[in-house]
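Here the structure is laid out as structure tokens; the discussion comes afterwards.
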Amino acid sequence: MIQLLTNLVSNAVKYTEDGEIIVSVTCESKTEDTADLEFSVSDTGIGIDEEILPHLFDAFTQADGSTTRKFGGTGLGLAICKSLVELMGGTIRAESEKGTGSRFAFSLTLKRQLKEKEVQRVVPGKLSGMKALVIDDNLAARTVLKDILESFSFSTDTADSGESGIELLHSERSGGEGYGLILLDWKMPGLNGLETAELIKKDPELQSIPIILMTAYNVDRSLQDEHRDIIDAMLIKPIKPSSLFDTIVRLSSGEEEGIITKQSLAMDAVEGRVVLLAEDNVINQKVVTAIMKEAGVKVEIAENGREAVEAVKRKVYDAVLMDVQMPEMDGYEASRQIRNTEGLEYLPIIAMTANAMKGDKEKCLAAGMNDYIAKPIEIDQLFTTLKRWIRPNQGNKTAGDHE
């Protein structure tokens with residue numbers, strides 16, 4: 001499942017220079033034991049010619065020669081996706097219009113989890129039915145956030161700009177109780193999120209409303225102190241329902257823990273450390289580097305296992321994040337060579353892999369790795385794992401300082 005979505009999202013990223021990519025899951029029908037789910041990946045990329053669509057899942061099919069030259073690839077990934085879906089008893093399809101984007105979707109019948117395992121989030125009584133306002137220029141983001149908030153029992157309105165959001169705030173205030181919470185996007189045309197928050201906090205009638213600022217951009221840690229007077233919390237997109245719920249409950253309880261970001265998941269032991277990322281995929285490199293930067297962790301890149309082995313011999317790192325499948329030398333062999341190098345017997349090596357089959361973790365451990373993180377990377381798991389293995393007060397050193 002994860003591999004299917006990873007392949008489809010990777011294709012969408014490759015062919016989408018501007019706009020957005022939306023991953024969604026819809027329950028088409030369900031029984032007591034099973035659910036029919038549709039998983040889809042939509043993009044606003046270059047699109048596909050109509051005559052190519054019927055052959056898109058055949059191996060080595062490309063939209064045209066120019067696409068091959070510009071983007072590379074063989075089409076084999078989609079053929080494999082089709083085979084995997086069919087092995088699970090499902091179907092896969094594609095819809096596209098040249099120049100406007102594409103939508104890939106696959107349907108599967110899956111077993112439902114036991115009811116007792118379902119997580120139920122119940123807001124405190126004083127928050128039940130509270131009115132919330134989402135201000136975001138992106139329609140998909142507004143829709144998702146509205147659904148999440150309404151699942152918490154909140155009555156939710158949306159606005160597509162800072163200007164229209166402020167108008168709604170005044171309208172609701174004059175007409176009744178008003179809003180009890182604002183979710184505010186940072187990067188918007190016209191008034192951006194910080195400018196909007198500043199206007200709200202300067203208004204005596206609105207300044208008491210808690211504001212959660214949302215952003216998909218890298219955040220400098222100084223932002224926490226610089227804007228503490230106008231924003232009450234911060235969350236990094238994509239917003240997880242659990243993180244949003246915890247943030248709202250914390251704000252309502254009056255706990256002064258400052259702005260909440262993914263950085264707060266990293267303990268002081270992780271901040272300031274240097275980690276080697278052995279990863280050949282450029283997109284994964286950028287994603288992990290951005291996440292780690294937010295936690296104050298410096299990341300250096302090795303393009304394959306051979307480069308990783310050479311890097312750790314030159315310089316001491318606090319940990320290595322090791323992709324399993326890489327050209328020239330894979331993560332397993334690289335880990336074995338590192339473990340057989342004097343002075344590197346205790347260097348933390350954490351595997352990163354899309355393989356999630358039974359026995360994969362044992363294979364990583366047998367190669368000398370300390371732990372295992374499945375792709376796509378879960379932020380909580382990444383930092384929890386790093387904190388588990390990075391030694392306290394183990395500063396970065398230079399070549400020749402191995403102990």
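Nothing in this text is a laboratory measurement; each read-out follows from the coordinates by a stated rule. Please read these numbers as outputs of a predicted model, since none were measured by experiment. Neighbour counts are summed over all protein chains in view; Cβ atoms, including those assigned to glycine, are modelled from backbone coordinates with ideal geometry.
Cα-based radius of gyration for segment 274-389, normalised by 2.2 N^0.38 Å, reads 0.94. For the residue pairs LYS240/LYS286; LYS315/LYS375; LYS82/LYS111, alpha carbon separations beyond 25 Å are given by LYS315/LYS375.
The chymotrypsin sites (Phe, Trp or Tyr not before Pro) of segment 273-368 that meet both conditions, a loop assignment by DSSP and at most 13 other Cβ atoms within 10 Å of the site Cβ, are TYR346. For ALA159, the amide hydrogen comes within under 5 Å of the amide hydrogens of VAL134, ILE135, ASP136, counting only partners 5 or more places away or on other chains and with H modelled in the peptide plane.
Between segment 144-197 and segment 289-318, the C-alpha centres lie 41 angstrom from each other. For LYS293, a cut-off of 12 angstrom between C-alpha atoms picks up these aspartates and glutamates, skipping any fewer than 8 places away in its own chain: ASP220, GLU271.
Restriction of the GluC sites (Glu not before Pro) in segment 152-218 to DSSP coil positions whose beta-carbon has at most 15 other beta-carbons within 10 angstrom yields GLU177, GLU205.
In terms of other Cβ atoms within 10 Å, ARG103, ARG314 run from fewest to most in the order ARG314, ARG103. Scaled to the globular estimate 2.2 N^0.38 Å, the Cα spread of segment 124-260, given as radius of gyration, is 0.95.
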